[in-house]
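The values are calculated or read from the model by the stated rules, or taken from the named source; none is laboratory data. No experiment lies behind these values; they were computed from the predicted model shown. Note that we place each Cβ from the backbone using ideal geometry, even for glycine, and neighbour counts take in every protein chain shown. Just so you know, the surface numbers come from the protein's heavy atoms only, side chains and all, with ligands and any DNA or RNA stripped out. Shrake-Rupley method; radii C 1.70, N 1.55, O 1.52, S 1.80 Å.
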Amino acid sequence: MNGWDGDGVRARIREMAAQDPGRERFGADTHRYEISPPLPESEIRAFERAHGIDLPEEYRSFVAQVGDGPAGPGHGLMPLTAARPEADEEWAVDAEWREDRLPGRLAEPFTLTEPLPGRIGRPADVLTPGTLMLAERGCGSFLRLVLNGARAGQVWELDPDWGGFVPVSPGFRTWYTEWLKSPLKTRHTAGATG
């Protein structure tokens with residue numbers, strides 16, 4: 001089951017927004033429950049060719065059938081092909097986004113075969129080739145989609161100061177659908193303060 005019910009997902013996002021008019025849910029003040037239009041197939045193919053990759057089907061079909069962010073887990077999904085309109089040189093999330101798009105970076109092998117829990121004692125950027133940053137959770141923690149190797153398609157969280165680099169979901173569909181189904185948790189009770 002690779003396809004998405006784009007109308008159904010967008011309706012659920014509108015419902016979530018109606019239930020949270022003050023944007024109290026963690027990250028809602030950033031993504032504002034907005035969903036960009038889906039990307040044309042030609043734009044997705046051009047991105048894949050330019051980076052020498054095939055995007056995992058669950059994510060690829062999402063951006064083609066539902067939208068190219070931002071409504072989503074954490075502070076929202078990052079766009080695939082164009083920087084956020086509010087991109088800023090000082091926002092770590094935008095720097096991560098730009099780094100992912102360096103020539104050859106996404107096509108490099110994802111070298112971890114096992115989770116790496118705890119504080120990471122080396123620069124985090126040596127661990128992220130072969131992954132695509134999906135969202136920022138806050139406080140320097142990023143959710144990344146593995147693009148190749150034995151872990152391809154999984155969503156991992158990179159928290160170099162405390163949590164390490166560990167899988168959080170077997171795939172994009174599960175990760176995103178869990179967010180869609182999650183009850184309202186405000187930024188004050190979500191467990192994240194960064």
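When only DSSP loop residues count, what GluC sites (Glu not before Pro) in the range 68-167 have their Cβ near at most 13 other Cβ atoms within 10 Å? Write down the numbers at each step before the final one.
Values: sites: Glu86, Glu89, Glu90, Glu96, Glu99, Glu136, Glu157; in loops: Glu86, Glu89, Glu90.
Loop-located and lightly packed - Glu86, Glu89, Glu90.
Test of the criteria: in the range 62-117, which chymotrypsin sites (Phe, Trp or Tyr not before Pro) are in a DSSP loop and have at most 14 other Cβ atoms within 10 angstrom of their Cβ? Kindly include the intermediate steps, with their values, before the conclusion.
Values: sites: Phe62, Trp91, Trp97, Phe110; in loops: Trp91, Phe110.
Passing both the DSSP loop test and the Cβ count: Trp91.
Under a no-solvent Debye model with one identical scatterer per Cα of the chain, what's log10 I(q)/I(0) at q = 0.08, 0.09, 0.15 Å⁻¹?
Results for the chain at q = 0.08, 0.09, 0.15 Å⁻¹ read -0.24, -0.31, -0.90.
Restricted to Cα positions, what overall size does the range 108-187 have along the principal axes? Three whole-Å values, descending.
Projected onto its principal axes, the Cα set of the range 108-187 covers 36, 25, 17 Å.
So for the pair Glu178, Ala11, with labels modelled 7 Å out along Cα→Cβ, what separation do we get in nm?
That separation, rounded to one decimal, is 2.6 nm.
Based solely on C-alpha atoms, express the radius of gyration and the Dmax of the range 90-136 in angstrom.
My reading of the Cα-based Rg and Dmax gives 11.3, 32 Å.
Send over a whole-number figure in Å² for the accessible area per residue of the range 64-156, probe 1.4 Å. If you can, show how the numbers build up before the last one.
Values: 3930 Å² over 93 residues.
Accessible area per residue, the range 64-156: 42 Å².
So what is the 222 nm mean residue ellipticity for the chain from helices alone, if each DSSP H run of at least 4 adds -39500 (n - 2.57) and you divide by all residues, rounding to the nearest 500 deg cm²/dmol? Write down the numbers at each step before the final one.
Working: 6 runs with 57 residues, N = 194.
So the helix-based figure for the chain works out to -8500 deg cm²/dmol.
Within the range 1-70, which trypsin sites (Lys or Arg not before Pro) sit in a loop by DSSP and count at most 14 neighbouring Cβ atoms inside 10 Å? Can you show the working numbers first?
On the way: sites: Arg10, Arg12, Arg14, Arg23, Arg25, Arg32, Arg45, Arg49, Arg60; in loops: Arg23, Arg32.
Qualifying residues, ordered by number: Arg32.
Please give the Cα centre distance for the range 1-69 versus the range 134-151, rounded to the nearest Å.
If you average the Cα positions of each part, the centres end up 16 Å apart.
About the Cα centre of the chain, what is the dipole size in debye to 20, counting +1 per Lys and Arg Cβ and -1 per Asp and Glu Cβ, all else neutral?
380
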